[in-house]
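Engineer: The structure's right below; bear with me while I get my questions together.
The values are calculated or read from the model by the stated rules, or taken from the named source; none is laboratory data. Because the structure is a prediction, the values reported are computed rather than measured. Cβ placement follows ideal geometry from the backbone for every residue including glycine, while neighbour counts extend to all protein chains displayed. For accessibility, only protein heavy atoms count, side chains too; no ligands or nucleic acids. Shrake-Rupley method; radii C 1.70, N 1.55, O 1.52, S 1.80 Å.
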Amino acid sequence: MDLTYTEEEEAFRAGLRHWLKAALPALPPRPPPGDWPARRAHDSAWQRALYDAGYADVHWDASPTRRLIFLEETERAGAPYVGANFVGLLHAGPTIAAEGTPGQRARWLPPILRGDEIWCQGFSEPDAGSDLASLRTRAVRDGDCYVVTGAKVWTSHAEIADWCELLVRTDPQAPRHRGITWLAMPMDAPGVTVRPLRTLAGSAEFAEVFLDEVRVPVANRVGEENDGWRVTMVTLSFERGTAFAGEVVACRRTLAELARTARENGRWDDTALRRRLGRLNAEFGALWRLTQWNVAEAEATGGVPGTGGSVFKLRYSEARQELYDTAAAVLGPDALDLSRAWTRDRLSSLSYTIAAGTSQIQRNIVAERILGLPKER
């Protein structure tokens, strides 16, 4: 498999670097952590700048390789990540681009690309997290609408979102995976209640969402009724495949900063610490190569990442935790200071082996779908 870049791709990289060098100095400072309305405005303004410059479509209209180059270069330049609209840009948008009708693509994709509309993800439930197919939120057909009742949890940025990619059960008599439907729900619909949840770091980027007979137009269904599990696998392939690519670059930059800090504060003399830093350097280098491999595979198979994304997600989430545990060793007592970004990142890293499918679920996917082992009984 060829992991090198073509001349055209390198020209795209050079043009992007040139634009970033001119655009980033004019960008306002990022709002303080926790001010999500201000963060939405900041992230949306950056997305609009990308749109005006012709770079906003990389998440679904560009090739997977160009998408990877974009994530790599923007992260290296210190540009804002997708931020408050990561669900729209990295999950819902690519899914709608792959599975939506022409009318749905025309309605939802341009506002996501311009930064006009923010999306959240309504998948997990109080009794259906890792076992997502056990979801109980019901949707009953009533004419041209579905009437939805249930509850969702760990819904990122629900308090500032305009739309929710929502999984509902439309046929409770069907086998678990066959009675699920994928809907786009307006968050301002009557019957939607959002209650923010606070994390270990004190921020509130997650929420519980309660749905009390919310009417969602049938026209907002992506895919066929009861075919939502297949559509969801498309969503999760993007979530586990290329969505973390920029974060790998960020982790490699953090690793270099850790080594520099260790040299400055004297902890570089610790042989065991140097060994940990060296192993992590090799680990994230391998993860970057795996990302390139996944992108090349997606390019060859129509643009949708495959099950290799589970291999990446499994190892990346654990490597990220190891990275910030090492950061704590470098910082010493300062690792308890919540004003430090590395401290907050260490707390957030604890969620990575749970979010987007737990490590246990990823191991099952690798075992059954890649290695061909028998399913767990």
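Engineer: I'd like the residue in segment 252-303 that is open to solvent by 40 Å² or more (accessible area, probe 1.4 Å), among the aliphatic types (A, V, I, L, M) and closer than 29 Å to THR65 by Cβ and, out of all such residues, is modelled with the lowest pLDDT.
Structural biologist: Once the filter is applied, the top-ranked residue is ALA300.
Engineer: Right, another one. When both residues are 6+ apart or on different chains and their Cβ atoms are under 6 Å apart, which pairs have a first residue that lies in segment 1-28 and is at pLDDT 90 or above, and a second that is hydroxyl-bearing (Ser, Thr, Tyr)?
Structural biologist: Hits for this filter: GLU9/THR65.
Engineer: Looking at the structure I just gave you, is ARG107 free of Cβ contacts under 8 Å to residues at least 40 places away in the same chain, open to solvent by 10 Å² or more (accessible area, probe 1.4 Å) and out of contact with any Lys or Arg (no Cβ under 9 Å at 6 or more places or on another chain)?
Structural biologist: Yes.
Engineer: Another question, if that's okay. So which residues in segment 25-35 are of a type in the set (A, V, I, L, M) and either open to solvent by less than 80 Å² (accessible area, probe 1.4 Å) or touching an Asp or Glu at 6+ places or on another chain (Cβ under 7 Å) (or both), if there are any at all?
Structural biologist: LEU27
Engineer: Which residue is surrounded by the fewest Cβ atoms within 10 Å (Cβ to Cβ), if the candidates are limited to segment 323-345 and must be within 23 Å of the chain's Cα centre (by Cα) and farther than 16 Å from ARG253 by Cβ?
Structural biologist: It comes out as ASP325.
Engineer: What number of residues within segment 132-158 satisfy the criterion of being within 19 Å of the chain's Cα centre (by Cα), at negative phi and not small (Gly, Ala, Ser)?
Structural biologist: 4
Engineer: I want to confirm something. Restricting to segment 25-54 and keeping residues that are aromatic (Phe, Trp, Tyr) and under 19 Å from the mean Cα position of the chain (by Cα), which single residue is nearest to ILE160 (Cα to Cα)?
Structural biologist: In this case the residue turns out to be TRP36.
Engineer: If you don't mind, another one. Residues being within 15 Å of ASP212 (Cβ to Cβ), open to solvent by less than 20 Å² (accessible area, probe 1.4 Å) and not β-branched (Val, Ile, Thr): count how many of those fall in segment 141-157.
Structural biologist: 2
Engineer: Of all the residues that make up segment 173-188, how many are part of a loop (DSSP other than H, G, I, E, B) and surrounded by 15 or more Cβ atoms within 10 Å (Cβ to Cβ)?
Structural biologist: Of all residues in segment 173-188, those part of a loop (DSSP other than H, G, I, E, B) come to 173-175, 179, 187-188.
When the remaining residues are screened for being surrounded by 15 or more Cβ atoms within 10 Å (Cβ to Cβ), the result is 179, 187.
So the count comes out to 2.
Engineer: Sticking with this structure for a sec: TYR55 passes all but one of (1) under 28 Å from PHE206 (Cβ atoms); (2) among the aromatic types (Phe, Trp, Tyr); (3) open to solvent by less than 80 Å² (accessible area, probe 1.4 Å); which number fails?
Structural biologist: Against the list (1) under 28 Å from PHE206 (Cβ atoms); (2) among the aromatic types (Phe, Trp, Tyr); (3) open to solvent by less than 80 Å² (accessible area, probe 1.4 Å), TYR55 comes up short only on (1).
Engineer: One residue is enough: does segment 140-159 have a residue meeting the conditions in contact (Cβ under 8 Å) with a residue 12 or more places away in the chain, within 30 Å of HIS42 (Cβ to Cβ), in a helix (DSSP H, G or I) and of a type outside the set (Asp, Glu)?
Structural biologist: So far as segment 140-159 goes, yes, one or more of its residues are in contact (Cβ under 8 Å) with a residue 12 or more places away in the chain, within 30 Å of HIS42 (Cβ to Cβ), in a helix (DSSP H, G or I) and of a type outside the set (Asp, Glu).
Engineer: Right, here's the next one. Pick out the one residue from GLY129, GLY83, GLY115 that is over 22 Å from ILE180 (Cα atoms), at pLDDT below 85, buried (at least 16 other Cβ atoms within 10 Å of the Cβ) and not hydrophobic (A, V, I, L, M, F, W, C).
Structural biologist: Working: GLY129 fails: over 22 Å from ILE180 (Cα atoms); GLY115 fails: at pLDDT below 85.
None of the other options fit; the residue is GLY83.
Engineer: Now for a separate question. What's the number of the only condition in (1) of a type outside the set (A, V, I, L, M, F, W, C); (2) touching a Leu at 6+ places or on another chain (Cβ under 6 Å); (3) under 25 Å from GLY103 (Cβ atoms); (4) open to solvent by less than 30 Å² (accessible area, probe 1.4 Å) that THR170 fails to meet?
Structural biologist: All conditions pass for THR170, except number (2).
Engineer: I've got another one for you. Just to be sure I understand the filter: pairs with C-beta atoms under 7 Å, separated by 6 or more residues or on different chains, first member in segment 268-286 and within 17 Å of ALA319 (Cβ to Cβ), second member of a type outside the set (A, V, I, L, M) and in a helix (DSSP H, G or I). Which pairs pass?
Structural biologist: Qualifying pairs under 7 Å: LEU273/ARG267; ARG276/THR326; LEU277/THR326; LEU280/GLU322; LEU280/THR326; PHE284/CYS251; PHE284/ARG252.
Engineer: If VAL234 meets every condition in (1) touching a strand residue (DSSP E or B) at 6+ places or on another chain (Cβ under 8 Å); (2) in a helix (DSSP H, G or I) apart from one, which number is that one?
Structural biologist: Here VAL234 meets the rest and fails (1).
Engineer: While we're here: What residue, of ALA22, ALA38, ALA45, is open to solvent by less than 50 Å² (accessible area, probe 1.4 Å) and either assigned to a loop (DSSP other than H, G, I, E, B) or in the same structural domain as ALA77 (by the TED database) (or both)?
Structural biologist: Answer to the check: ALA38.
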